[in-house]
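Let me begin by presenting the structure, written as structure tokens, before commenting on it.
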Amino acid sequence: MPTAVKSLGAALLIALLLAGVAAVAYARWTRAIADADQSMADGQWDRALGAYAAAEAGFDRVPAVRQLFDTEYTRVVGNQLWLLYRMEQYDDLIEKAERAPEQAAPHFWSGVAFFAKARGEEKPEAQIGWLTRAEEELRRAVEAEPGDWDTKFDFELVTRLAAELRKQPKTPPNQLMQLLRPQPKIGSKPVRRVG
């Protein structure tokens, strides 16, 4: 009986040691994520972007860890997409979205990036081209998340805007959103708003 207790105690100690080593390894592994989260909270977006990229590189070096901690990996990539959009680095965002996992909403982010590029474009043909790409990506985003009303709204907005711009291709970029407002008919009285 005493040898069975000793064997059980030894097995328990080995299991505790392995659990401790795994906890320390996980803490070291996710240090870059914690640094990135803190930098993002402090508004240091460049620093956060660099730390998230370092964390992503760590995941990419060991594919088994990437699969094991898929939720963390998706969050790391999703936060990079958000940061790139906020920092108006649309080309980098589009490139990163091409390799991003579906759970990070890459089609949504690339769609809004294409839309932003369309709004800043001077040439009507290029503007329609960017809007068409935005429309395609947002359609894919709606297909991936059919219950996301914000994505549906963005898709409908871009679709209507692209259709109106195809009708009136010479619209200047600063008047692009005016295409969505209904224009009063010539000779009609303006509607009086009350309240």
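In table form, for the structure just shown:
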{"read-out": "Residue in segment 159-182 that is surrounded by the fewest Cβ atoms within 10 Å (Cβ to Cβ), counting only those that are modelled with pLDDT of 80 or more and within 17 Å of E125 (Cβ to Cβ)", "value": "K167"}
{"read-out": "Tally, over segment 30-68, of residues that are of a type in the set (A, V, I, L, M, F, W, C) and in contact (Cβ under 8 Å) with a residue 24 or more places away in the chain", "value": "10"}
{"read-out": "From the options G78, G9, G43, residue that is farther than 24 Å from E137 by Cα and either at pLDDT 90 or above or in contact with a Phe, Trp or Tyr (Cβ under 6 Å, 6 or more places away or on another chain) (or both)", "value": "G43"}
{"read-out": "Qualifying residue in segment 124-132 (condition: under 27 Å from T71 (Cβ atoms) and modelled with pLDDT of 90 or more)", "value": "no"}
{"read-out": "Qualifying positions in segment 143-158 - of a type in the set (A, V, I, L, M, F, W, C), surrounded by 15 or more Cβ atoms within 10 Å (Cβ to Cβ) and either over 14 Å from the mean Cα position of the chain (by Cα) or in the same structural domain as I94 (by TED's automatic domain parsing) (or both)", "value": "F155, L157, V158"}
{"read-out": "Unique match (being modelled with pLDDT of 95 or more, surrounded by 19 or more Cβ atoms within 10 Å (Cβ to Cβ) and not β-branched (V, I, T)) among Y73, Y52, Y90", "value": "Y90"}
{"read-out": "Cβ pairs under 7 Å, 6+ apart, first in segment 95-106 and buried (at least 21 other Cβ atoms within 10 Å of the Cβ), second in a loop (DSSP other than H, G, I, E, B)", "value": "P106/A100"}
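The values are calculated or read from the model by the stated rules, or taken from the named source; none is laboratory data. Since we're looking at a predicted model, the values are computed, not measured. Don't worry about glycine lacking a Cβ; one is built from the backbone with ideal geometry, like all the others, and counts go over all protein chains shown.
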